Each structure stands twice: as C-alpha cells, then as structure tokens.
Amino acid sequence: MTSQQQRDSSCSVEGPLGMEDGCIPDERITASSFFRNSASHAPPRARLNIQGYAEGWCYDDSTDNSPWIQVDFVGIVTITGLITQGRGDANFWVTEYQVTYSDDGQSWNNVTDADGTPIKFPGNKDSNTLVTTSLPFALRTRILRIHPTEWHWSCCMRFEVIGCY
C-alpha cells in the first residue's frame, strides 16, 4: 500500500492520535538528533503539553543541519492536522516547518500545494501557545515526519498529530 493524499477526510471523528496521552510508545517517536544525546531532550519529550525539566524535544545544533522528528504509527492511519508548541521551560520554538510522510521509512513524499510545491507551515510564536494546523488534504500513511525549517533561538518543539485510526 502506498501513501495517499485525499482532499476529503475519511475520518468520521477526528482526534488526537496519542502523542500527548502516551498511547504512542516512546520508541515510535524518533528524530535526526537530540541535544547532547541527553534523554531530557530526546524525541519522546516532544509530547504535547509535557512538563518537567526540558519540556520538549530539541535537536543537536552541533551536528544536525537538517533536523526532523517523526512518529511511526506502525499501521496506516489518517492524518488531518497537527498541534504544535515550543519548549515549555525556555524561549525556544519552531516558527516554520515542512511535513513528509512514508509507508516504509525509505520513500518519502512531501505535503505539497496544488502546484506540487512543498508547503511551509507556520509554527509557533512563543513557548506554550498551541498552534493547530490543518493539512490541505487527509494523509493515509504509516510515518509522519516534521522538518523544522525556521526557529526562535533553538529548534525545540512539542506536538500532537490529529486524525483517526
């Protein structure tokens, strides 16, 4: 099965897919890097509204020129949007990002506009305000990857994926 773009959502009821509430296991949240390889900045710290020390995933700026963070749902899900936040305990947040998706982790597709241009989605303007972004079409895919392209001070974020199983 290949990833599909659909203009209409196939979800009868959309909702969070499990980042914030922990239904998505930590091992299914991975990234290109994380700051100093410290567990306090690791990908599972990207859960929406997570609290405590290091409230968010942060990339390793000393080694990573193209950061990304991804969720592997293991099976095919429908994804219709994202909710993002910055790092809750510091003035670090992603201001712009792109999204790719894959069914196998090898072949990736960009979320694009009608002309085929990868969309740059608006991110956050502070550490804690939730920003909800609807995708221009529903994705049927296994893996969702977020590619931060611009950020304030440092590339750190928390997020939730919206859609249905």
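The values are calculated or read from the model by the stated rules, or taken from the named source; none is laboratory data. These figures come from a predicted structure and were not determined experimentally. Please note: Cβ atoms are built from the backbone with ideal geometry, for glycine as well, and neighbour counts cover all protein chains shown.
Among the residues making up the stretch 27-57, those that are within 16 Å of Glu160 (Cα to Cα), hydrophobic (A, V, I, L, M, F, W, C) and not in a loop (DSSP other than H, G, I, E, B) are Ile29, Ala31, Ala46, Trp57.
Consider the stretch 4-19 and keep the residues that are surrounded by 16 or more Cβ atoms within 10 Å (Cβ to Cβ) and in a loop (DSSP other than H, G, I, E, B). The one that is modelled with the lowest pLDDT is Ser9. Looking only at residues in the stretch 106-120 that are free of Cβ contacts under 8 Å to residues at least 24 places away in the same chain and among the aliphatic types (A, V, I, L, M), the one that is nearest to Phe35 (Cα to Cα) is Ile119.
Given the criterion outside any loop (DSSP other than H, G, I, E, B) and either within 14 Å of the chain's Cα centre (by Cα) or modelled with pLDDT under 95 (or both), identify the matching residue among Thr80, Thr63.
When all the criteria are applied, what remains is Thr80.
When the stretch 47-105 is limited to residues that are among the acidic types (Asp, Glu) and farther than 15 Å from Ser32 by Cα, the one that is surrounded by the most Cβ atoms within 10 Å (Cβ to Cβ) turns out to be Glu55.
Among the residues making up the stretch 42-58, those that are in contact with a helix residue (DSSP H, G or I) (Cβ under 7 Å, 6 or more places away or on another chain) and at pLDDT 95 or above are Pro44, Gly56, Trp57, Cys58. Among the candidates Val71, Val94, Val99, the residue that is of a type in the set (A, V, I, L, M), touching a residue at least 24 places away in the same chain (Cβ under 8 Å), within 12 Å of Cys155 (Cα to Cα) and not in a loop (DSSP other than H, G, I, E, B) is uniquely Val94.
Within the stretch 102-133, count every residue that is assigned to a loop (DSSP other than H, G, I, E, B) and not hydrophobic (A, V, I, L, M, F, W, C). Result for the stretch 102-133: 17.
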